[in-house]
1. To the nearest 500 deg cm²/dmol, what mean residue ellipticity at 222 nm is calculated for the protein assembly as shown from DSSP H runs of n ≥ 4 alone, each contributing -39,500 (n - 2.57), summed and divided by the residues?
2. If each residue's Cβ is checked for other Cβ atoms within 10 Å, how do A:LYS121, B:LYS146, A:LYS228 rank with the fewest at the top?
3. Could you check the spin-label model distance between B:LEU217 and A:SER111? Points 7 Å from the Cα along Cα→Cβ, value in nm.
4. For the pair B:ALA100 and B:ILE166, how long in nm is the line joining their label points, each one 7 Å along Cα→Cβ?
5. What relative contact order, as a whole-number percentage, does chain A give when Cα pairs under 8 Å and 6 or more residues apart are counted?
6. How would the stretch B:78-126 be classified by its alpha-carbon gyration tensor: rounded, prolate or oblate, with rounded meaning a/c under 1.5 and the a/b versus b/c comparison settling the rest?
7. What ranking do A:ASP163, A:ASP224 get, fewest neighbouring Cβ atoms within 10 angstrom at the top?
8. Quick one: dipole size for chain A, taken about the Cα centre, charges +1 on Lys/Arg Cβ and -1 on Asp/Glu Cβ, in debye to the nearest 20.
Amino acid sequence: MPMIEMKDVSKWYGSFQVLKDCTTNVEKGEVIVVCGPSGSGKSTLIKVVNALEPFQKGDIVVDGIKVNDPKTDLPKLRARVGMVFQNFELFPHLTITENLTLGQIKVLNRSEDEAVTRGLKYLDRVGLISQKDKYPGQLSGGQQQRVAIARALSMDPICMLFDEPTSALDPEMVNEVLDVMVGLAKDGMTMMVVTHEMGFARKVAKRVIFMDQGSIVEDATKDDFFGKPRSERAQQFLSKILHH
Amino acid sequence: MDAFDWNVINRSFVYLFKEGMTFTLTLTGLAAVGGIVFGTLLAMMRLSSFKWLSLVATGYVNLMRSIPLLLVIFWFYFLVPYIGAWMTGASRPIQVGAIASSVITFTMFEAAYYSEIMRAGIQSIPRGQVWAGYALGLDYWQTMAKIVLPQAFRNMLPILLTQTIILFQDTSLVYVLSITDFLGAASKVAQRDGRLVEMYLFAALVYFVVSFGLSLLVKRLQQKIAIVR
């Protein structure tokens, strides 16, 4: 059974169709990179997985639970799916430690002691244990994004969604975040990553999904995608982003 | 015409502040807390995706903001006893009393204004913050209570306090219910001793000092609490 199963997913904003019959699977332990030009629907594709964005047609099943079933307990499902955002979205009024423990205490009903222990373990893993009492605004972008990853991890997710995790970062901070993500991939975390970092894709992705105008144009293994992309649109895209 | 007799202030000082100002501040405090709580609920209703909730809140806010406060005070004073009787099923109007009536009135009236402030505050929080809360598995109420409202409240604190200063001045309108608030007390002394000019000047001065002092404080607070993003 795949970890994430999408079948014919379509979504409209009014009369504008942002997703057109998207079908794909993410197996347990796989890392899938989603890329494509801006406005192609890749961020939307990743946000429908944990129902942050509703969709009108098709089915999504995460770990055997149907996302678009009205009876599904969405908060419970979301708690098991880690998500990292383009703009970090740490809670600016809470300290780093409080950011790490809020979900654990409120959603997983862990005691504060246990939540802090777990949270700090992951904060240590992303190399920021010394920042635990600071507020997000006192950290650099790269540090904030690493905290955001630690926050997602401390919920013990069964898979992780990344929505352009390095797009808002200054160039010199991109690698510190990618390093953490590569480490996660090597540990066998199931990951769906929207990114333009083709180096990351080459290093850890199993498959690459290329989107254009709301459709999945290409869904190929990494070697096929970089070796011989079949669609002209994907070839153009690759030539544009790889030649700099 | 007699010379001014400023000694009237000295003579009535304890009465003015112990009776009058205490009531004014109590009413301001209660109405501010109640109004902010109720106003926040109204703001959440207004931003709700349930159409009818939003309609009810919008209607209420627009109604309150379109009627003079003085009229609302009158209406509540006369209506609340009947509404209370209707709600409890009593056969006679419930005795609410001028003071309770004024607290309810100001809470309900100010809630309309506070709700507009809180609505702006809630809308100022980026969508991504809500997403981040939901993505952690928090539900709507938890996301509101732990993430959105603390930030909205903090961002809007200066404006909420400014509105409270206005409320502090508006409470003087309770004189129509013959309640002894600060202005009511000053007015009574003024008429008893025939010292209208002195007492009304003094009352104005006290309102000015309190309001202006508070607004200076708000200004300083504003510079201090801006959230670093």
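1. Working: 19 runs with 264 residues, N = 473.
My calculation for the protein assembly as shown gives -18000 deg cm²/dmol from helical runs alone.
2. With the fewest neighbours first, A:LYS121, B:LYS146, A:LYS228 line up as A:LYS228, A:LYS121, B:LYS146.
3. Using points 7 Å along Cα→Cβ, the separation is 4.1 nm.
4. It is 3.0 nm.
5. 27 percent
6. Details: a/c = 5.55, a/b = 2.77, b/c = 2.00.
Cα axes put the stretch B:78-126 in the prolate bin.
7. On the way: A:ASP163 26, A:ASP224 14.
The most exposed by this proxy come first: A:ASP224, A:ASP163.
8. Roughly 220 debye for chain A.
Coordinate-derived values only; no laboratory data. For clarity, every value in this text was computed on a predicted model and none was experimentally measured. Because the Cβ atoms are built from the backbone with ideal geometry, glycine has one as well, and the counts that use them run over all protein chains shown.
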